[in-house]
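As C-alpha cells, the structure follows; a few thoughts come after it.
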Amino acid sequence: MLYKLDMPSLSIVMPSMNEEETIRICIEKAQSIFKKYDIEGEIIVADNSSDRTAEIAASMGAKVIGPIKGYGNAYLKGLAEARGKYIAIADADNTYDLLELDKFLDPLMAGEADFVMGSRLKGKIEKGAMPWLHQYIGNPLLTEMLNFLFKTKISDAHCGMRAFTKEALEKMNLKTHGMELASEMIIEAAKSGLRIKEVPINYYSRRAPSKLRSFQDGWRHVRFMMLYKPGPFLYLPGAFVFILGFLITASLLLTDSAAYNRLHSFILGSMLLIIGGQTLATGGYMKTYGLIHGMYRDDKKGKKLLSYHSLEKELFGGSLIMGAGLFLGLKVAYTWISSGYGSLKEVESAVISMVLAAIGLQLIFSAVFVSVMLLEVDTDW
C-alpha cells in the first residue's frame, strides 16, 4: 500500500561503528523508501568510526554526527536531530533490511499504531546471523522478563529495527547511554500508553565483527529492569529472607534447648536478618535513583517516603536499634569482666548484639546515603 501525502517527512537514524562495507547499501535502501512513499526524508548517521564510514555516508547525502561513543548515546543524539513526522531506527550493518520499512510505516501512517517493533523471532533469521545463545536463551528470557514486569506482549525485545511517530518519541523519556536503551524504549512506550505493534522481519548475517558482549550487555538490560522495578528483584526476596531470619532467630530464643545445640541455626537466622536488611536497603537505593531521574513520574507514595522527614525517622530508628545492640554488647562484656575473663555462656546475647548493631548501622548509613542523593533535587516534589 502506498501513501501520497502532502510532504510528510521521515527520519531514519542509524548508529554506526566501522561499517564502511555496508553503510552505502543501507543508505541506498533508505533512499528507495523515500521514493516509494514519495515523501521528504532525511538520513542521520550517528557515527563513532575509525574507517571511511562517515565519509561514505556524507558523500551520499546523509547527515553525519559524531564521533559519539556508546549505542544509547548514538541514538539519543541522532533522535534529537530527527525532524521527521515519522522516525525509523536500524543498525548500519545491513543485518536489518531497510526495504522492509514499509511494514513499519504503513501502520504508523494509517494511524493504527504509535510505535512499531520488528520481530526477528517471528520472521526469518539467516543461518549464523544470531548466536544460538541469543536466539534461544538470552533474548527470549529477557523478553519474557520485560513482558512480565511491564505488561507488554512482544516477542523480540532487542530487535533494533523500530519506527514511531515524532509525537511518540516526545512522550518517551529516553535517557540511557548504553545497550539498555532498547529496553528503555519499550518500557517508556508502555508506560506512556503508546499503541505498540509488532511486525515480523528478516535478519541477516553481518560482515564486520559484532560489537555485542553477550553477558555484559545482558546484565545491563537486567540491571535497567531492576532499576525500574526493584520490587520483584530486591524488595520481595529481601523481605522474605529478613522475615525468615527473624522467625528462625525468634523461635530459637523461645525454646529451652541448650545454646550449643542450636548455635549454628542461631547464626544462620542472624545472617539471614543482615542479608535481608541489606537487600531491602539496596532496593531503596535503586528506588531513590529512579525517582531522582524521573523514572517514576507518577509515584507519589515513593516520593513521600523519600522526604527528609521520613529520612530523619530512619536515622532515629537506626540509632535506637544500634543503641540496643551496643547496650546488650556492653552487658555481655560486663558479665565477662565480672567472671574474671573466664569462659562465657553468652553466645546468643553476643550474636543478637551484633545483629542489632549491624542492622541499626545499616539504617543510619542508608538514611545518610539517600539524603546525599537527594541534595540536588526538590524533595517536596
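The values are calculated or read from the model by the stated rules, or taken from the named source; none is laboratory data. Source: prediction; values computed, not measured. Neighbour counts are summed over all protein chains in view; Cβ atoms, including those assigned to glycine, are modelled from backbone coordinates with ideal geometry. Note: areas computed on protein heavy atoms with side chains; ligands, DNA, RNA excluded. Shrake-Rupley method; radii C 1.70, N 1.55, O 1.52, S 1.80 Å.
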Based on what the data block shows, is Phe240 outside any loop (DSSP other than H, G, I, E, B), in contact (Cβ under 8 Å) with a residue 24 or more places away in the chain and of a type in the set (Phe, Trp, Tyr)? yes
If I filter region 90-112 down to residues being touching a Ser or Thr at 6+ places or on another chain (Cβ under 9 Å) and buried (at least 21 other Cβ atoms within 10 Å of the Cβ), which single residue comes out as nearest to Lys197 (Cα to Cα)? Leu108
Answer yes or no as to whether Val347 is open to solvent by less than 30 Å² (accessible area, probe 1.4 Å) and at pLDDT 70 or above. no
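Residues are listed down the side, and each one gets a yes or a no for (1) assigned to a helix (DSSP H, G or I); (2) over 21 Å from Gly277 (Cβ atoms); (3) open to solvent by less than 50 Å² (accessible area, probe 1.4 Å); (4) touching a Phe, Trp or Tyr at 6+ places or on another chain (Cβ under 7 Å):
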{"site": "Ala208", "(1), (2), (3), (4)": "no, yes, yes, no"}
{"site": "Asp217", "(1), (2), (3), (4)": "yes, yes, yes, no"}
{"site": "Arg223", "(1), (2), (3), (4)": "yes, yes, no, no"}
{"site": "Leu247", "(1), (2), (3), (4)": "yes, no, no, no"}
Take the conditions aliphatic (A, V, I, L, M), within 19 Å of the chain's Cα centre (by Cα) and either buried (at least 20 other Cβ atoms within 10 Å of the Cβ) or at pLDDT 90 or above (or both) and apply them to Ala239. Does it pass? no
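Scan region 275-299 for residues that are among the β-branched types (Val, Ile, Thr) and at pLDDT 90 or above and jot them down.
Answer for region 275-299, where residues must be among the β-branched types (Val, Ile, Thr) and at pLDDT 90 or above: Ile275, Thr279, Thr282.
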Can you name every one of the helices (runs of 4 or more DSSP H) wholly within region 50-169 that holds 1 or more residues which are aromatic (Phe, Trp, Tyr) and without any contact (Cβ under 8 Å) to a residue 60 or more places away in the chain? 139-150
When the residues of region 113-133 are filtered to those that are small (Gly, Ala, Ser) and open to solvent by 10 Å² or more (accessible area, probe 1.4 Å), which remaining residue is farthest from Glu188 (Cα to Cα)? Gly128
